[in-house]
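Everything below concerns the one structure shown next.
The values are calculated or read from the model by the stated rules, or taken from the named source; none is laboratory data. A quick note: this is a predicted structure, and the numbers were derived from the prediction, not measured. Cβ coordinates were reconstructed from backbone atoms using ideal geometry, including for glycine residues, and neighbour counts include every protein chain displayed.
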Amino acid sequence: MSEQAQLSTDHLLGIKDLNSADIHLLFETADEFKEVINRPIKKVPSLRDITIANIFFESSTRTRISFELAEKRLSADIVNFSASSSSVNKGETLLDTVNNILAMKVDMIVMRHPAPGAPHFLANHIKANIINAGDGTHEHPTQALLDAYSIRERLGDVAGKKVAIFGDILHSRVALSNIFCLQKLGAEVMVCGPPTLIPKYISTLGVRVSHDVRQTLAWCDVANILRIQLERQNIKYFPSLREYARYFGINKALLDTLDKEILIMHPGPINRGVEITSDVADSAHSIILDQVENGVAIRMAVLFLLAGRRK
């Protein structure tokens, strides 16, 4: 791998902390790693002297596997930590847990935590590079990066594109990171969903707000559809899933009424038949599986460039 310029930060805590030059550097680096993961021998020795701990305090499938594959493709040593089988259950604090892991000479930490700001807290107390793999309802920076990268790959550029984010904006860390990332790259952003699932502060971020799915689809070039996060909802925000699907779900019949074709995205997991139907998720206009593939390349780029800050 050729020598790269450096990121402006030692951690990836959120898209809010990156500048547009950082994002373009990550995309250019991901382009190179995309070639690596599509060749017969999918490994490079870039991080063979680096040990990475994956610390997940919440359930994860795609993000955790994607990070693990990225780390293995870069030849890093990996330590996997699960909160459900750790001393956290015995009352150990987050800082004590991480310091014990660092005492075993870990260089980088990939962490998902239910508390917003947990990665920022760690970054202020330990020397390892911290990568936020999702902190509560706050941010999910690598998801936003891979989403924007996927748009760039399919449409050539993100600047000037109209991107609509549909669904549970209130409980989504993906939505906030996407808004920051897309705006830094020059895209227009609109959010669409029931009034109860759109936070009141959202308009202060410079995005448009809509409650009409058909009008929003007619406006956008890209539809990024989020799932309803029932696990984060302690009250009812709409009458039923059936009611939600009827008024805010996206199906093929609805898309067929448009006079244009739009890209369909979803960060997963998909609630088929609720926010999106199978004939849309599996259509030729869907780049959902491209997002999954690009996630490995983007995470390789993040790990590689942050490791470069250690030298």
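Some values worked out for this structure:
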read-out	value
Any hit, region 284-307, residues being buried (at least 17 other Cβ atoms within 10 Å of the Cβ), over 22 Å from the mean Cα position of the chain (by Cα), outside any strand (DSSP E or B) and modelled with pLDDT of 95 or more	no
Residues of region 121-137 satisfying the condition of being more than 17 Å from the chain's Cα centre (by Cα) and not in a loop (DSSP other than H, G, I, E, B)	121, 122, 123, 129
Region 153-168 - residue that is within 20 Å of residue 226 (Cβ to Cβ) and of a type in the set (D, E, K, R) and, of those, modelled with the lowest pLDDT	168
Test: residue in region 61-69 that is touching a Lys or Arg at 6+ places or on another chain (Cβ under 9 Å), among the aromatic types (Phe, Trp, Tyr) and closer than 19 Å to residue 101 by Cα	yes
Checklist (1) outside any loop (DSSP other than H, G, I, E, B); (2) at pLDDT 95 or above applied to residue 186, failing item	(1)
Which numbered condition residue 236 misses (of (1) closer than 30 Å to residue 64 by Cα; (2) modelled with pLDDT of 95 or more)	(2)
Contacts under 6 angstrom Cβ, first residue in region 39-63 being touching a residue at least 60 places away in the same chain (Cβ under 8 Å) and not assigned by TED's automatic domain parsing to the domain that holds residue 114, partner assigned to a loop (DSSP other than H, G, I, E, B) and aromatic (Phe, Trp, Tyr), 6 or more apart	none
Residues (buried (at least 20 other Cβ atoms within 10 Å of the Cβ), out of contact with any strand residue (DSSP E or B) (no Cβ under 8 Å at 6 or more places or on another chain), assigned to a loop (DSSP other than H, G, I, E, B) and not aliphatic (A, V, I, L, M)) located in region 138-171	138, 168, 171
